[in-house]
Number of protein chains: 4
Amino acid sequence: MPNGLSNEMSPSPPGPVSLRQRIHDILEYGSEHDPVTRLVNTILVTLILLNVAAFAAETMPDVGPRYRNLFELFNLVSVAIFSVEYVLRLWSCTEMPLLRAQRPWRARLKFAMRPLLIIDLIAILPFYLGFLIGVDLRVLRVLRLFRFLKLARYSPALVALGRVIANERRALFGALLVMLALLLFASSGMYFIERNVQPEVFGSIPSAAWWALATLTTVGYGDVTPVTSLGKAFGGLIMIFGLGMFALPIGIIATGFSQEANRREFVITWGMVARVPLFAQLEATVVARIGAMLYSRSYVAGEPIMRIGDDADAMFFISSGEVAVETGEGQVRLGEGDFFGEMALLYRRRREHNVTAVTNCRLLVLDKLDFERLCHSEPELVSHVRRVAEARLKAGKTKR
Amino acid sequence: MPNGLSNEMSPSPPGPVSLRQRIHDILEYGSEHDPVTRLVNTILVTLILLNVAAFAAETMPDVGPRYRNLFELFNLVSVAIFSVEYVLRLWSCTEMPLLRAQRPWRARLKFAMRPLLIIDLIAILPFYLGFLIGVDLRVLRVLRLFRFLKLARYSPALVALGRVIANERRALFGALLVMLALLLFASSGMYFIERNVQPEVFGSIPSAAWWALATLTTVGYGDVTPVTSLGKAFGGLIMIFGLGMFALPIGIIATGFSQEANRREFVITWGMVARVPLFAQLEATVVARIGAMLYSRSYVAGEPIMRIGDDADAMFFISSGEVAVETGEGQVRLGEGDFFGEMALLYRRRREHNVTAVTNCRLLVLDKLDFERLCHSEPELVSHVRRVAEARLKAGKTKR
Amino acid sequence: MPNGLSNEMSPSPPGPVSLRQRIHDILEYGSEHDPVTRLVNTILVTLILLNVAAFAAETMPDVGPRYRNLFELFNLVSVAIFSVEYVLRLWSCTEMPLLRAQRPWRARLKFAMRPLLIIDLIAILPFYLGFLIGVDLRVLRVLRLFRFLKLARYSPALVALGRVIANERRALFGALLVMLALLLFASSGMYFIERNVQPEVFGSIPSAAWWALATLTTVGYGDVTPVTSLGKAFGGLIMIFGLGMFALPIGIIATGFSQEANRREFVITWGMVARVPLFAQLEATVVARIGAMLYSRSYVAGEPIMRIGDDADAMFFISSGEVAVETGEGQVRLGEGDFFGEMALLYRRRREHNVTAVTNCRLLVLDKLDFERLCHSEPELVSHVRRVAEARLKAGKTKR
Amino acid sequence: MPNGLSNEMSPSPPGPVSLRQRIHDILEYGSEHDPVTRLVNTILVTLILLNVAAFAAETMPDVGPRYRNLFELFNLVSVAIFSVEYVLRLWSCTEMPLLRAQRPWRARLKFAMRPLLIIDLIAILPFYLGFLIGVDLRVLRVLRLFRFLKLARYSPALVALGRVIANERRALFGALLVMLALLLFASSGMYFIERNVQPEVFGSIPSAAWWALATLTTVGYGDVTPVTSLGKAFGGLIMIFGLGMFALPIGIIATGFSQEANRREFVITWGMVARVPLFAQLEATVVARIGAMLYSRSYVAGEPIMRIGDDADAMFFISSGEVAVETGEGQVRLGEGDFFGEMALLYRRRREHNVTAVTNCRLLVLDKLDFERLCHSEPELVSHVRRVAEARLKAGKTKR
């Protein structure tokens, strides 16, 4: 049974790591435990922030012209570093388990099409375009702002924010519609009330909309305010509506958050999914779909993960750390890249082993219902899981 | 049993569809899968938005007079299109299952009384009134704003927003009362403090209310601010109260949302209910009441809907898609308009069949408790469900 | 068993109702089904609102002096009506079940000490004071604002708002402390940065606090803004802190609401509690404590309330409507003022009867845990419930 | 069994309390029931608030110079009182159970390193520094603001606020990133649109950021507003984004609160943990870790705490009050410092005793899962619990 339980598709043995592998790990996995990775990340984040600061500072009349050479130099250095980063990412991406099976150039092309890589490209492209084909630098300079978006790579919580907004997009669109209706009502109303008294600011509905928007969003610049009694009364009503309008998106987003938050540590980085060999053979689009189904849970050393007799509600992939499975003949250890808990899902049984975390570890969890959806959309993946499971079962039975 | 399970009130066979039926489907069901429907909807939504933009632009002094003819032409075209839309809706509404049983003109009259149709009418009526009986166009032009409300048809989430506000109306009214009390307190207080210093803005309580409202809602125009130390101290206190006042409606609405959100996909369009033949025989008011009880759930192809032995907590109506019921002799397919799961509710038993989604499908769900309420208020409907259920049972028993 | 089940302390038989009883019902119970009550309430609410409007309008320079006589007359009429209302409330309060046992004048004194009655008194007292002992009317006029608080009687949701704020008072106090710390930080910081540049507005910390408060609460009048670069940078930081500060009370109150909302229809009016004869014999303070434990649930006609075999988690008091208890020998009806469900709590058994709502009805629910708390604090009340329960049991057994 | 159940590590018998012990109790435990403690706390809180008020008032041009001597005197008195408080805290801290085992000066040094004590020191240090080594008082005076932070000791809810923010720090950081991106977008956009029209306020991106921040946070001073049509349209868009940006932190914090709130009375003061003798032998850092695992529950007199047969989900430490354990031979009383409920956790059994609150009492609860974590990280602590449990068991068995 020990043999059966250890996944036959285990990651490459921890022998000497190639330079390309090392660079890939540093740039893509972002492990917090590796000092070199931490250093590289810190340098890149700092450089991004400095670039944005320089972009803003350059527009200041008393700074921009004076230190023009300095800014140019800094830009040159930044482009150089970002270019090296971009090339290294492309070069090392063939180490990614998901792309390993493909021909290097095809893999790199696929990798270069990812949103984050496209941002990386736009961040450096203007420089080369200006240099090579002599396009006017002034227009392209704005594209430097894309460098800020490179930060997205370093905040996995952004993914969660995006997911909440995507989930609630219909309700948010409804709230926007309510706001537009209010805006139309407020600006038309004020236009009819004050167009003769203050023709310069309420002389048309689009003009009045400036006041209406500032009031409904409670920004309230005060550069335009009603002066008649009727206008003030109407304005007061609009303020109160504004309060309610405020409440809609906040209520929607707060609700979305509390639903996401029930899936604690819901942010799965690409690196975590890529570490699971089972997914390495899949199309990138399929992995993306699975990634959306997974969520992650952390366990401290010694914490029980499942117990005999528990309901089977999920299967687990080990993203990092080690777990111990108690079998009749003792313990079997499973490590990074292995999976367990699939038997109970496949055969709709209760848990038949105790599993405990040996080290602190992070597991990717696939819910029962999501597993059943996969059964229909990815029959190959599931049949592979089934084969491994049956091999484990046989190994176990043979032994006994 | 297959015969028993297929609903005897199945929709008209998928033979050649009449033009009227086709127009009705395009205008009322809004299926996202039909390209013609999508095109028609896109055109209508664009036209509505353009109308609102034109309404606003016409008031601009440097645009309105100059392009008057263009605006008039655009209005003419819009009214023509909206009129055609209105007439087609009225003409084809006799295809609606709920109205099919009634005489055409009675059905159309009933249909014309619906809120959305009344909005459609108000959106075009002013033009004809101005044309026919020579009423002054200036006043009627404001009614064009009603065209914006035609958008309501295209955002089902608005219904959910409305329901949340309706559910929480008592708490919101309480919050409004708190706000009025604070407003009274703030404006009276500031009136007594600063009426002698700034008589022109704090000279009366209604004047002071303008400041108080702008402060309590955190709009803060700044056109009126206290100048004395006591006034500023009092103003600071009011600002802090304003924060709390803000929190009340947001807290109320956020709570309402999170309760609605537990009923995922709670928005039921009229078209979805109308597709269920069982409801076709009911009074429109009763259908409205049932519509408020239903909520909808989506299932992907292959997903299990119920399993043998599950608790029976709801019955299901198929709004779109196909499901498979596993019986002793094989599978029975149920499609759009059929219902299932009623046996376990009627006889308070556990589920006796596995039911699985064959295609992606959308089901209308009627909770057990709501079903029991229906038993009391609509005995005929339930006795019909019972008859169908018993016919199914007998068919099943005969076969075996 | 029918005898046993009907509560021996049933309310007075529906014979001819005395005038005092009728007035009491109209003024205190506020039934929505009685047209006279509805009329009286509408008149009183309108009068309150008109009084507040008159109070504000009187301060307007072009309105107050001109219509002084009209305002005086209106005030006279209002005081007359409010005085009649106050006297009638006091006179009829002896009909209140809770006070019925006491001597009339003692009961009235107790009743007059209630907060709502004190507000009623303050609303009319200034007039008589000014009239009788010649106090300067100007100062007392402000007390007319108390008339607005008379509205509290008509919005039961206010009670819920108050409860949420009371429950979360510690967290809200913590948020206030955070805000004060931020205020101190912001105003001290800006004082040090801009005191030399704008001495007239940032010349002292209290002056700077005016700006800091307007910024932290996002009111942002704009009458005072920093002008130096450092000041603007610091101001921007304070704005972002302001956003976070905003989030604290909203988050706290939203959470409090969603917890209260799980107790649907949590607002219990005094009248609803007073209708339960069991509570009529208790001290008012005890009733208040019980009132805080109860919550109310509405059932539609025909809805099941409990079923045989259910867990016993609460006992019920009928506030309005009628329920049917199914016993071995048929149905027993219970009406307003009766209670049921106590057996299963007293003897920790499962439900032994089916109980169904006969008419739409409203029940007061007492949770199991609250019941057990009552057992300790109000042993007499519980021993009474026990006596009734045992009488019912015996009656049932005798019959069989 | 009674002997077995009473904890052998019970607190010192309630004999005469030493002065040092009394001072320690007054200053550190903050019992609400002791009038002297309440008085001392009231004086200290008032003094802190007066100090902050004096600090602000001193900067007012018409107050500061005039009452300089008064302010100096008040400062002198305050420093004297705070110094006495500080010295007394240090002197009496050796009474703290956790520090009792150590040598007095080592204990005091450890105690002085705590954050609250460091604040206490900073609050008085500037005075002595200025006095002793003649540093310029002007700079050090700012440090007086630290006196405000002394209030932190008196609001345990602050701890909960801090915990929510710490838990949600990743999501809040993501929200900050979104805000920075929006800020960059808004200020760059407005810079390009209006830099030529209003060069003095939109002449550089940092200048435009002042407007962008005031708009995105809805502060809206109005000192800078766009004037061109394009600028106003862009500004309106930014206002709407501002609404959404507002919603993010509020949604995040509201969610965090509602999760914390499920752990009712989650704030554990140091004094409550220190009262449990079991923890007295542990390292302060370990106690801090345990403190983070505990939460507190209040029970009223007579309320059941656990019942025979319940699932064992936690063990309990008595922080104040008394409970009764029903054993075969009668009741055993447990008081402050005792613990119970550990047997069922150690041996994974169901509850075997009824435990009821005798007085109102406050228990510290340690969840089953946290208990199991402790088993791994603090084996000594758990083996001690096990020893006590086994002693109790043996005592019980011997008796029978």
Legend entry - trypsin sites (Lys or Arg not before Pro) restricted to the range D:62-128 and DSSP loop, no more than 16 other C-beta within 10 Å: D:Arg66
Legend entry - Average beta-carbon neighbours from other chains, 10 Å sphere, peptide D:184-190: 3
Inset, instruction - Sketch the reach of a paramagnetic label on C:Ser229 as a point 7 Å from Cα along Cα-to-Cβ, and name the residues of the range D:198-215 whose backbone nitrogen lies under 16 Å away. - result: D:200-211
Inset, instruction - Quick one: which residues, 5+ away or cross-chain, put their amide H under 5 Å from the amide H of B:Ala314? H built at 1.01 Å from N. - result: B:Lys368
Inset, instruction - Using the 7 Å Cα-to-Cβ label point, sort the distances from C:Ser383 to its equivalents in the other copies shortest first and give them in nm to one decimal. - result: 5.5, 5.5, 7.8
Legend entry - Accessible-area ranking of B:Leu44, D:Leu116, B:Leu90, largest first, probe 1.4 Å: D:Leu116, B:Leu90, B:Leu44
Legend entry - Other copies of C:Val17: label-to-label distances in nm, shortest first, labels 7 Å along the beta-carbon direction: 5.9, 5.9, 8.4
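Per-residue Cβ counts within 10 Å, from other chains only, averaged over D:203-214: what number is that?
Numbers: counts 4, 9, 9, 10, 6, 2, 4, 9, 1, 1, 8, 11.
Average neighbour count from other chains, rounded to a whole number: 6.
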Legend entry - D_trans [Stokes-Einstein, Kirkwood Rh over alpha-carbon pairs] for the range B:169-263, 4 °C, 1.567 mPa s, µm² s⁻¹: 92
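Given B:Lys232/C:Lys232; C:Lys232/D:Lys150; A:Lys368/C:Lys368; A:Lys232/D:Lys232; C:Lys232/D:Lys232; B:Lys368/D:Lys368, which pairs have Cα atoms separated by over 28 Å?
Details: B:Lys232/C:Lys232 22 Å; C:Lys232/D:Lys150 30 Å; A:Lys368/C:Lys368 36 Å; A:Lys232/D:Lys232 22 Å; C:Lys232/D:Lys232 22 Å; B:Lys368/D:Lys368 37 Å.
Pairs exceeding 28 Å: C:Lys232/D:Lys150; A:Lys368/C:Lys368; B:Lys368/D:Lys368.
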Legend entry - Size of the D/A contact, given as accessible area buried on both chains, probe 1.4 Å, in Å²: 3700
Inset, instruction - Can you pull the one-decimal nm distance between simple spin-label points at D:Arg38 and A:Arg169, each 7 Å off the Cα toward Cβ? - result: 5.9
Legend entry - Under 5 Å, built H, 5+ apart or other chain: amide partners of C:Asn354: C:Ile308, C:Glu326
Inset, instruction - Per residue of C:222-231, count partner chain C-beta atoms within 10 Å of its C-beta, then hand back the mean as an integer. - result: 5
Legend entry - Inter-copy label distances at B:Arg141 (7 Å, Cα→Cβ; nm, one decimal): 4.6, 4.6, 6.5
Inset, instruction - Quickly work out the B:Ile133-to-A:Leu109 label distance, labels modelled 7 Å from Cα along the C-beta direction, and quote it in nm with one decimal. - result: 7.1
Inset, instruction - In square nanometres and to one decimal, what's the mean projected area of the convex hull around the Cα atoms of the range B:19-154? - result: 9.2
Inset, instruction - State, to one decimal in nm, how far the label point of D:Glu200 lies from the label point of B:Glu380, with both points 7 Å from Cα in the Cβ direction. - result: 7.8
Inset, instruction - Go through the range B:233-251 and flag every residue whose accessible area shrinks by 40 Å² or more with all protein chains in place compared to the isolated chain (probe 1.4 Å). - result: B:Met239, B:Ile240, B:Leu243, B:Phe246, B:Ala247, B:Leu248, B:Ile250
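The values are calculated or read from the model by the stated rules, or taken from the named source; none is laboratory data. Bear in mind that the values here come from a model prediction, so they are computed numbers and not experimental data. Glycine also receives a Cβ, built like all others from the backbone with ideal geometry; neighbour counts cover every protein chain displayed. To get the accessible areas, we keep the full protein, side chains included, count just its heavy atoms, and leave off ligands, DNA and RNA. Shrake-Rupley method; radii C 1.70, N 1.55, O 1.52, S 1.80 Å.
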